[in-house]
Amino acid sequence: MATTRTATTHWQGPLLDGGKGSVTLVSSGLGSFEVNWPARAEQPNGMTSPEELIAAAHSACYSMALSNGLAKAGHTDISLETSADVTFQPGQGITGIKITVRGRVPGLTPEQFATFAEDAKTNCPVSKALAATPISLDAALE
């Protein structure tokens, strides 16, 4: 069964001259987050950016995909710490994503973990949606 999740953005003003917006996570009701150009291209200053929201989505999706792959192979004692760094270059757009994952999965060799990690990178739905962007992976057992 397909699911649809919704977020909305209200934007006011010109992008480079004080414009700002608010992103609301409608489906979950978790709240609203302020966005503006300086938060995207310079410093966050308490606001978020589309790239940070993509990083959040990608790190969560990747963790779910890796956890599922490990569980299907019989590994249930799983602990993962995943981060996604999304690089934005003004004038070019998103130029790359780096996923870093550190795992604790008893009974796995580093090589086995790397295989599961690479499979999750390839098959995570967010990775698939972002396939036009170079995605690198740094995966290791702790």
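Looking at the range 64-75, can you tell me whether even one residue there is assigned to a strand (DSSP E or B), under 19 Å from Leu141 (Cβ atoms), basic (Lys, Arg) and assigned by TED's automatic domain parsing to the domain that holds Pro125?
no
Could you pull out the residue among Ala56, Ala117 that is in a helix (DSSP H, G or I), among the hydrophobic types (A, V, I, L, M, F, W, C), in contact (Cβ under 8 Å) with a residue 12 or more places away in the chain and surrounded by fewer than 17 Cβ atoms within 10 Å (Cβ to Cβ)?
Going through Ala56, Ala117 in turn, just one is in a helix (DSSP H, G or I), among the hydrophobic types (A, V, I, L, M, F, W, C), in contact (Cβ under 8 Å) with a residue 12 or more places away in the chain and surrounded by fewer than 17 Cβ atoms within 10 Å (Cβ to Cβ): Ala56.
Quick test of your reading of the structure: Leu15 fulfils all but one of (1) assigned to a loop (DSSP other than H, G, I, E, B); (2) surrounded by 11 or more Cβ atoms within 10 Å (Cβ to Cβ); (3) free of Cβ contacts under 8 Å to residues at least 12 places away in the same chain. Name the failing condition by number.
All conditions are met except number (3).
Looking at the range 30-39, is at least one residue under 16 Å from the mean Cα position of the chain (by Cα) and of a type outside the set (Phe, Trp, Tyr)?
Checking the range 30-39: not a single residue is under 16 Å from the mean Cα position of the chain (by Cα) and of a type outside the set (Phe, Trp, Tyr).
The values are calculated or read from the model by the stated rules, or taken from the named source; none is laboratory data. Remember, it's a predicted structure, so these values are computed and weren't measured experimentally. FYI the Cβ positions are ideal-geometry reconstructions off the backbone, even for glycines, and counts take in every protein chain you see.
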